[in-house]
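Report on the following structure.
The values are calculated or read from the model by the stated rules, or taken from the named source; none is laboratory data. This is a predicted model, so every value here is computed, not measured. Cβ sites come from the backbone with ideal geometry, for glycine too, and all protein chains shown count toward neighbours.
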Amino acid sequence: EREIACEKDLKGKKILVTAGPTQEAIDPVRYITNHSSGKMGYAIAKTAMLRGADVTLVSGCTAIEPPMFVNLVPVVTAKDMYEAVTSISNEQDIIIKAAAVADYRPANVSDEKVKKREGQMSIELERTDDILKYLGEHKPTGQFLCGFSMETQNVIENSRAKLVKKNLDMVAANNVKVEGAGFQGDTNVLTLITREEEISLPLMTKEGAAGRLLDKILVMTAGSK
Ligand code: CTP
Ligand code: CA
């Protein structure tokens with residue numbers, strides 16, 4: 001089969017991929033999340049595995065089948081993902097953070113189901129830790145760190161700001177409002193942003209986009225092991 005016969009150009013590389021949404025509980029029956037399907041991260045994990053990498057996939061809850069032959073680490077919350085990722089980040093050659101991590105979680109989680117009452121209600125939220133920012137601040141020499149960036153406006157400027165602020169080597173930016181891009185579908189329209197370049201990929205399948213992203217990382221890391 002063609003997939004299996006692909007070149008093993010990532011052989012010997014340890015790659016950590018995060019994927020999917022996180023869920024932040026409000027009470028035992030409700031949570032805050034986002035529209036991430038996990039498809040982009042899973043496509044990266046699968047493509048990297050087929051190209052010979054040693055892949056760990058830290059995944060939030062998704063409805064899709066995980067790829068075979070990857071080390072799957074299922075997580076639920078942003079805190080779980082932070083712990084899973086930071087406990088193995090030092091030994092990775094490449095980290096690709098495609099997960100849509102909640103920026104806020106309920107400050108207090110009710111032990112019992114919250115009952116409805118008359119009038120409005122509000123939920124107090126507190127910030128989660130920024131996993132990618134932590135990774136950028138603690139990046140071992142030679143490690144390649146790639147973030148994702150989801151925006152609805154000023155995509156390139158806002159995404160480049162994340163590249164700098166989080167000390168990344170690359171950001172894969174996408175505009176959720178562009179036709180064929182974003183969370184749920186099988187296609188994406190990515191712009192790969194590095195310190196020097198902006199590479200606008202056309203509308204592609206998520207597997208195709210994953211391949212181009214890995215190609216670029218391979219070129220940028222050539223020579224460093
Ligand atoms: N990210 C993370 N931990 C968080 C929030 C985000 O690791 N608590 C990572 C995501 O996995 C993604 C990148 O940061 O790779 C950018 O996420 P995004 O939501 O686009 O940007 P933020 O930095 O969270 O800023 P904002 O949501 O305000 O645009
Ligand atoms: Ca965010």
- request: Go over the candidates Val55, Val85, Val73, Val114 one by one and state the one that is part of a loop (DSSP other than H, G, I, E, B) and either away from ligand 2 (no atom under 16 Å from the Cβ) or of a type in the set (Val, Ile, Thr) (or both).
  value: Val114
message: Which residue is farthest from Leu163 (Cα to Cα), if the candidates are limited to segment 117-148 and must be among the polar types (S, T, N, Q) and more than 15 Å from ligand 2 (Cβ to nearest atom)?
response: Gln120
task: Quick one: Arg160 ticks every box in (1) in contact with a helix residue (DSSP H, G or I) (Cβ under 7 Å, 6 or more places away or on another chain); (2) farther than 18 Å from Lys14 by Cβ except a single one, so which number is it?
output: (1)
field: Positions within segment 56-71 being over 14 Å from the mean Cα position of the chain (by Cα) and at negative phi, in sequence order
entry: Ala63, Ile64, Glu65, Pro66, Pro67, Met68, Val70, Asn71
- prompt: What are the residue pairs meeting all of these: first residue in segment 166-182, first residue away from ligand 1 (no atom under 13 Å from the Cβ), second residue assigned to a loop (DSSP other than H, G, I, E, B), Cβ atoms under 7 Å, and 6 or more apart or on different chains?
  reply: Lys177/Thr152; Val178/Val189; Gly180/Val189; Gly180/Leu203; Ala181/Val189
statement: Per the filter on segment 156-179, residues within 14 Å of ligand 2 (Cβ to nearest atom) and assigned to a helix (DSSP H, G or I) are Asn158, Ser159, Ala161, Lys162, Lys165
message: For Met49, only one of the following conditions fails: (1) touching a residue at least 24 places away in the same chain (Cβ under 8 Å); (2) touching a Leu at 6+ places or on another chain (Cβ under 9 Å). What is its number?
response: (1)
- prompt: Is segment 170-182 home to any residue that is acidic (Asp, Glu) and at pLDDT 95 or above?
  reply: no
- request: Show the residue pairs that are 6+ apart or on different chains and have beta-carbon atoms under 6 Å apart, the first residue being within segment 104-128 and free of Cβ contacts under 8 Å to residues at least 24 places away in the same chain and surrounded by fewer than 10 Cβ atoms within 10 Å (Cβ to Cβ), the second being of a type in the set (A, V, I, L, M) and in a loop (DSSP other than H, G, I, E, B).
  value: Glu124/Ala107
- prompt: Here are Asn154, Asn167: which of them is on the phi > 0 side of the Ramachandran plot and touching a Lys or Arg at 6+ places or on another chain (Cβ under 8 Å)?
  reply: Asn167
field: From Gly180, Gly142, Gly136, Gly147, residue being within 23 Å of Leu218 (Cα to Cα), of a type in the set (Gly, Ala, Ser) and surrounded by fewer than 20 Cβ atoms within 10 Å (Cβ to Cβ)
entry: Gly142
